[in-house]
Amino acid sequence: MRIVVPAGGIGGARFLRGLRAVLGTDASTEERTTDSSITVIGNTGDDITLFGLRICPDLDTVMYTLGGGINEEQGWGRTDESFTVKEELAAYGMKPTWFGLGDRDTATHIVRAQMLAAGYPLSAVTEALCDRWRPGVRLLPMTDDQVETHVVVDDGQGRRAIHFQEWWIRHRAALPAEQIVSVGAEKAEPGPGVLAAIAEADAVILPPSNPVVSVGSILNVPGIREAMAAKTVVGVSPIIGGAPVRGMADACLSAIGVETTAGAVAEHLGSDLLDGWLVDEADAGTGVEGVEVRSRPLYMSDPAATEAIARAAVDLAVELAEGREDRG
Ligand code: FO1
């Protein structure tokens with residue numbers, strides 16, 4: 001099976017570990033157990049330039065999580081990390097000081113900055129970095145163009161737009177967001193290989209990533225949403241019982257006027273895109289017009305649970321794809 005997964009950071013990366021196990025595509029083992037493949041379309045809207053380095057949080061989180069280098073409990077950054085560079089930068093009075101720049105992580109940003117400066121597109125940089133990490137999936141940036149998520153806030157210092165990372169890390173998404181904008185999206189092109197991967201896919205699976213700033217940002221790149229809508233698409237709800245499992249998707253959803261429920265997120269994504277939607281048992285009564293909703297435990301509490309969720313998503317996609325063929 002060829003599966004395409006538009007993914008953001010922590011939730012998406014964890015789900016992908018389960019999906020990779022289900023499809024037996026873990027490339028770190030020499031023999032390929034199946035001819036299945038996973039192509040991840042990585043969100044680059046969280047990307048930020050700091051200290052002359054281009055930092056790609058969601059691409060790196062997928063790469064480290066699937067490559068075995070992730071700080072597991074944190075969900076982002078490297079294991080066995082230190083922050084000497086961060087401390088030295090602060091000693092020079094460099095701003096910002098709120099970003100957790102790890103020493104090991106900095107090596108990734110230096111490689112990326114050097115390759116970008118040499119004229120390589122982000123997709124080539126990502127391929128080069130994945131050469132080391134071997135994530136067992138193809139990781140494609142959603143676009144090679146610059147698209148950044150900025151948040152319009154008004155905290156008494158007047159209405160202004162701040163970078164998503166400042167809102168997320170410095171303000172813990174506690175500053176009410178009036179608007180969330182994908183700056184540059186309207187001019188962006190899907191990255192190399194993105195549309196082809198979607199066209200060749202047997203199914204698209206939306207992982208439990210942030211539906212606004214992760215999956216939403218990817219769908220904002222012109223051409224991607226339409227290409228996906230032509231395929232069988234199954235999503236996994238990132239909201240359980242009216243709350244995000246992790247992170248602050250609720251702050252993002254309220255910023256765009258969407259209720260923090262499994263059903264409202266599915267409605268927001270749209271029945272023109274979604275064919276199937278997995279919700280947790282807590283949301284079993286959820287009904288979405290034009291979408292096949294199934295309920296099952298959705299907490300990715302351990303690898304086995306995550307694998308079971310991924311298996312359920314694949315099974316629903318196969319069932320619905322066959323249904324589509326029957327309808328012709
Ligand atoms: N998240 C935090 O809450 N605090 C941090 O200091 C932080 C640093 C950081 C550095 C590199 C990186 O790849 C991710 C980092 N994150 C941090 C997570 C990041 O802000 C979010 O994971 C995504 O941008 C949203 O999914």
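Net charge dipole, region 49-202: roughly 320 debye, given to the nearest 20, about the Cα centre with Cβ charges of +1 for Lys and Arg and -1 for Asp and Glu. Positive-end ranking of Pro190, Thr126, Ile110 along the dipole of region 65-219, with charges on Cβ about the Cα centre, is headed by Ile110.
Order these by the 10 Å Cβ neighbour count, fewest first: Arg160, Arg134. Can you show the working numbers first?
Working: Arg160 11, Arg134 14.
Fewest-to-most Cβ neighbours within 10 Å comes out as Arg160, Arg134.
Assuming R0 = 41 Å, can you tell me the calculated FRET efficiency for the pair Ala128 and Glu281, based on Cβ-Cβ distance, to the nearest 0.05? E(calc), rounded to 0.05, equals 0.45.
What Kirkwood hydrodynamic radius do you get for the chain when you take the inverse of the mean 1/r over all pairs of distinct Cα atoms, in Å? Mind dumping the intermediate values first?
Numbers: mean 1/r = 0.0500 Å⁻¹.
Every distinct Cα pair counted, the radius reaches 20.0 Å.
Applying both filters, DSSP loop and at most 16 other Cβ atoms within 10 Å, to the GluC sites (Glu not before Pro) of region 178-269 gives Glu259.
Using a 7 Å offset from the Cα along the Cα-to-Cβ direction at both Asp315 and Asp26, what is the distance between the two label points in nm, to one decimal? With each label placed 7 Å out from Cα toward Cβ, I get 2.2 nm.
Projecting the Cα atoms of Val265, Thr232, Pro57 onto the charge dipole of the chain, computed from C-beta unit charges around the Cα centre, puts Pro57 farthest toward the positive end. Helix 103-117: angle to the longest alpha-carbon principal axis of the chain, degrees 0 to 90, nearest 10? Its long axis makes an angle of about 90 degrees. Against the chain, whose longest principal axis comes from its Cα atoms, helix 303-327 is set at around 50 degrees. Ordering Ala199, Leu274, Pro222 by Cα displacement along the dipole of the chain toward the positive end leaves Pro222 in first place; charges were set at the Cβ atoms of Lys, Arg (+1) and Asp, Glu (-1). Summarising the label geometry, the points placed 7 Å from Cα in the beta-carbon direction at Asp155 and Val183 lie 1.7 nm from one another. Partners of Lys86 within straight-line reach, counting lysines whose Cα lies under 25 Å from its Cα and excluding those fewer than 8 residues away in the same chain: Lys95.
Mind jotting down a quarter of the surface of the convex hull over the alpha carbons of region 143-279, in square nanometres, one decimal? Averaging across all directions leaves 8.3 nm² for the Cα convex hull. For region 58-140, the alpha-carbon coordinates run over 39, 34, 16 Å along the three principal axes, in decreasing order.
The residues Leu23, Leu59, when put in order of fewest to most other Cβ atoms within 10 Å, stand as Leu23, Leu59. Calculate the length of the line joining the C-alpha centroid of region 213-246 to that of region 39-60, in whole Å. Centre-to-centre (Cα) distance: 18 Å.
Placing +1 on the Cβ of every Lys and Arg and -1 on the Cβ of every Asp and Glu, with nothing else charged, gives region 194-269 a dipole about its Cα centre of roughly 100 debye. Once both labels are positioned 7 Å from their Cα atoms along Cα-to-Cβ, the gap between Arg2 and Leu175 label points is 4.3 nm.
Is there a quick way to get the dipole size of the chain? I mean about its Cα centre, with the Cβ of Lys and Arg at +1 and of Asp and Glu at -1; what is the value in debye to the nearest 20?
On the way: 27 positive and 47 negative charges, 121 e Å.
That gives the chain a dipole magnitude of about 580 debye.
The stretch between Ala118 and Glu73, if pulled fully straight at 0.36 nm per residue, gains 12.7 nm over its current Cα-Cα span.
Bear in mind that the values in this text are calculations on the coordinates, not laboratory data. Quick caveat: nothing in here was measured; it's all calculated off a predicted structure. Reconstructed Cβ throughout: ideal geometry from the backbone, glycine too, with neighbour counts over all protein chains shown.
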